[in-house]
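Asker: Have a look at this one before I ask anything.
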Amino acid sequence: MSKNLDTLEDTLGYTFKNKKLIIEALTHKSYKQPYDNERLEFLGDAVLDLIVGEYLFFKFAGSDEGKLSKIRASLVNEDGFDKLARSINLGDYIFLSNAEENNGGRDKPSLLSNAFEAIIGAIYLEAGLKTANDIAIKLLEKNHKEISLDSLFRDFKTTLQELTQARFGITPEYKVIASRGPDHKKEFEIAVCIDNKEYAKATGKSKKIAQQEAAKLALALLKKDK
């Protein structure tokens, strides 16, 4: 662990009175202590679900339950919490076994996401919902330049499929061109083809992300050619 926990507390804007709580929130099960962060992760997951749900309820007052659920799902997930964890360099502070560290544990999205949930759970336990809410929403707004229906509730693959069906009468095909890197840090390159013609390629840390990015690029090309 390369940084002092005081630095993390400064970044969060919250100082723990009970230091055991923050240590527990940062302790991965591989560290082989009588405690780990899984219980706090469980609590933090529920707290974040409520925090983000309430935030969206008031932000999008005219939206129905279906849209609100989909927008929340786009924020409350491993990718979303991994992004927030990286924004505060959370990986620098996690207590890991040497084996897990050597296996790239500090950079694993699942591990970072879980630790972020645990930190929010710990803040909720000690300081209550308002403090946890203020910290989580501040990080959310800072790391999402625009939280809107258009920016969050956007599925490029669906949009591309609708366009290609209307214009060509066929659906796009996605092909894995390459996969690179170790298992914990895999990167996929995906090509999108329409009528056996390659329109765009993109990379991402999952096939789903790479497909969405490739679809986005293909849409831009098709709209330009219109």
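Asker: Quote the FRET efficiency, to the nearest 0.05, computed for residue 170 versus residue 101 with a Förster distance R0 of 45 Å and r equal to the Cβ-Cβ distance.
Answerer: E between residue 170 and residue 101, to the nearest 0.05, is 0.40.
Asker: Still on this structure, please answer the following. Would you please give the FRET efficiency between residue 110 and residue 196, computed as 1/(1 + (r/R0)^6) with r the Cβ-Cβ distance and R0 = 25 Å, to the nearest 0.05?
Answerer: E(calc), rounded to 0.05, equals 0.10.
Asker: Among [x] 62, 46, 24; [y] 53, 37, 30; [z] 60, 46, 32, only one was calculated for this model; which label is it, if the read-out is Cα extents along the principal axes in Å?
Answerer: The value computed from this structure is option [x].
Asker: Grab the eigenvalues of the alpha-carbon gyration tensor for the range 18-118, scale each by 5, take roots, and send me the semi-axes largest first in whole angstrom.
Answerer: Value: 30, 14, 10 Å, ordered largest first.
Asker: Among 52, 192, 176, 76, which comes first, then next, by fewest other beta-carbon atoms within 10 Å? Intermediate results must be reported in sequence, preceding the final value.
Answerer: Working: 52 22, 192 28, 176 12, 76 19.
Starting with the residue having the fewest Cβ neighbours, the order is 176, 76, 52, 192.
Asker: Let me ask something else. Apply the membrane-span-like helix rule to the chain: whole DSSP H runs, Cα extent along the own long axis of at least 30 Å, mean Kyte-Doolittle hydropathy at least 0.5. List the helices found.
Answerer: Once both thresholds are applied, what remains is 38-59.
Asker: Would you work out the relative contact order for the chain, in percent, from Cα pairs under 8 angstrom that are 6 or more residues apart?
Answerer: On the way: 316 pairs, mean separation 40.9, N = 226.
This gives 18 percent for the chain.
Asker: Continuing with this model, one more query. Between residue 11 and residue 183, what is 0.36 nm times their sequence separation minus the Cα-Cα distance? Round to one decimal in nm.
Answerer: 58.9 nm
Asker: Could you order peptides 83-95, 105-117, 8-20 by the average number of other Cβ atoms within 10 Å of their residues, highest first?
Answerer: 105-117, 83-95, 8-20
Asker: I want the local charge near residue 114. Using Cβ-Cβ distances under 12 Å, sum +1 for each Lys or Arg and -1 for each Asp or Glu among the other residues.
Answerer: -4
Asker: State to the nearest 20 debye the size of the charge dipole of the chain about its Cα centre, where the only charges are +1 on K and R beta carbons and -1 on D and E beta carbons.
Answerer: Dipole of the chain, to the nearest 20 debye: 620 debye.
Asker: A further question follows. State the answer as a single residue: which of 214, 203, 190 lies farthest towards the positive end of the charge dipole of the range 156-225, with beta carbon charges of +1 for Lys and Arg and -1 for Asp and Glu, about the Cα centre.
Answerer: Value: 203.
FYI, it's all coordinate maths here, none of it is from the lab. Bear in mind that the values here come from a model prediction, so they are computed numbers and not experimental data. FYI the Cβ positions are ideal-geometry reconstructions off the backbone, even for glycines, and counts take in every protein chain you see.
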